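A.B. asks: Just dropping this structure here.
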Amino acid sequence: EAHHIRAKTYLKILEYFKPKFLLGMTATPERMDGENIFELFDGNIALEIRLKEAINQNLISTFHYFGISDISSVDLTDIDIDDIDKISKKLMINERVDYVIKQINLYKYDGSKMYCLGFCASIEHAKYMSEQFNKRGICSEYIVSELNFEQRQNIINRFQDENDPLSIIFVVDIFNEGIDIPKVNLVLFLRPTNSPIIFLQQLGRGLRKDNEKSFLTVLDFIANHNKTYLIPYAM
């Protein structure tokens with residue numbers, strides 16, 4: 001995860017060892033804070049491969065992307081996208097839950113079982129979505145920062161078990177990187193974001209290749225705060 005190399009903790013390691021040769025690897029070299037990691041490698045890029053090329057070389061799973069207009073009652077036009085509390089309250093309505101499930105049933109997924117990750121706006125939003133999906137007979141859990149490692153791992157193990165009814169995990173940020181679940185065949189973008197970096201990180205959670213899927217289904221619920229499709233930036 002070389003995009004973290006500008007962090008103080010990483011720089012301490014780099015300054016201590018003073019390597020003669022330094023190799024960094026990351027899927028997202030651009031940082032949201034504008035810090036430049038390339039200069040730490042003297043501007044050298046040994047190899048660069050973007051999403052489209054990785055797909056063409058059969059390195060990752062292909063995917064079917066659907067940008068879906070959100071329900072009319074989710075009006076975010078006058079809300080700051082960084083105001084997570086207000087965003088969450090607008091998204092936590094039963095009508096939207098039913099709408100999301102309807103779209104899942106419409107676009108479906110590849111495989112005999114649904115292995116779905118739903119990216120939410122906040123901890124409250126993730127808990128709400130899990131509760132509502134369970135009420136509607138779709139076994140789900142949430143993984144948020146409040147859970148310890150053992151709790152998270154138990155949910156992930158259940159999720160990957162084809163005999164366990166758990167079919168969807170709602171998460172907040174912590175699955176953006178550092179997680180490998182190849183079985184994921186459906187990704188839900190349930191929160192607005194203007195960051196191509198976060199979008200690509202979350203999309204990548206479903207791009208691992210697996211024998212049980214031939215493609216990933218991506219449902220991106222485009223709220224009316226800003227009808228911007230980030231998929232072109234990722235490609």
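A.B. asks: Can you tell me which residues in the stretch 14-40 are open to solvent by less than 100 Å² (accessible area, probe 1.4 Å), in a helix (DSSP H, G or I) and either of a type in the set (Lys, Arg) or farther than 25 Å from GLY204 by Cα (or both)?
C.D. replies: Result: LEU14, LEU40.
A.B. asks: All but one of (1) surrounded by 15 or more Cβ atoms within 10 Å (Cβ to Cβ); (2) within 30 Å of LYS108 (Cα to Cα) hold for HIS64, so report the exception by its number.
C.D. replies: (1)
A.B. asks: Sticking with this structure for a sec: Pick out the one residue from SER122, SER145 that is of a type in the set (Ser, Thr, Tyr) and either over 19 Å from PHE199 (Cβ atoms) or free of Cβ contacts under 8 Å to residues at least 40 places away in the same chain (or both).
C.D. replies: SER145
A.B. asks: Could you check, for the stretch 53-61, whether at least one of its residues is open to solvent by less than 90 Å² (accessible area, probe 1.4 Å) and touching a helix residue (DSSP H, G or I) at 6+ places or on another chain (Cβ under 9 Å)?
C.D. replies: Scanning the stretch 53-61 turns up at least one residue that is open to solvent by less than 90 Å² (accessible area, probe 1.4 Å) and touching a helix residue (DSSP H, G or I) at 6+ places or on another chain (Cβ under 9 Å).
A.B. asks: Follow-up question, since we're still on this one. Taking the stretch 218-235 on its own, how many of its residues are aliphatic (A, V, I, L, M), at pLDDT below 90 and either open to solvent by less than 50 Å² (accessible area, probe 1.4 Å) or over 20 Å from SER61 (Cα atoms) (or both)?
C.D. replies: Count: 5.
A.B. asks: Only one residue in ILE169, ILE123 is farther than 21 Å from THR217 by Cβ and within 16 Å of the chain's Cα centre (by Cα). Which one?
C.D. replies: Selected residue: ILE123, the only one of ILE169, ILE123 that is farther than 21 Å from THR217 by Cβ and within 16 Å of the chain's Cα centre (by Cα).
A.B. asks: Looking at the stretch 99-110 only, could you name the residues that are in contact (Cβ under 8 Å) with a residue 24 or more places away in the chain and either more than 20 Å from the chain's Cα centre (by Cα) or assigned to a helix (DSSP H, G or I) (or both)?
C.D. replies: Once the filter is applied, which keeps residues that are in contact (Cβ under 8 Å) with a residue 24 or more places away in the chain and either more than 20 Å from the chain's Cα centre (by Cα) or assigned to a helix (DSSP H, G or I) (or both), the stretch 99-110 yields TYR99, VAL100, ILE101, GLN103, ILE104, TYR107.
A.B. asks: Tell me, yes or no, whether the stretch 90-101 has at least one residue that is charged (D, E, K, R), modelled with pLDDT under 90, open to solvent by 70 Å² or more (accessible area, probe 1.4 Å) and in contact with an Asp or Glu (Cβ under 9 Å, 6 or more places away or on another chain).
C.D. replies: The answer is yes; a qualifying residue exists.
A.B. asks: Restricting the stretch 60-84 to residues that are more than 19 Å from the chain's Cα centre (by Cα) and more than 25 Å from ARG136 (Cβ to Cβ), which is modelled with the highest pLDDT?
C.D. replies: Taking the candidates together, the pick is ASP83.
The values are calculated or read from the model by the stated rules, or taken from the named source; none is laboratory data. Just so it is clear, the structure is predicted and the values come from calculations on it, not from any experiment. Glycine also receives a Cβ, built like all others from the backbone with ideal geometry; neighbour counts cover every protein chain displayed. These area figures cover heavy atoms from the full protein model, side chains too; ligands, DNA and RNA do not enter into them. Shrake-Rupley method; radii C 1.70, N 1.55, O 1.52, S 1.80 Å.
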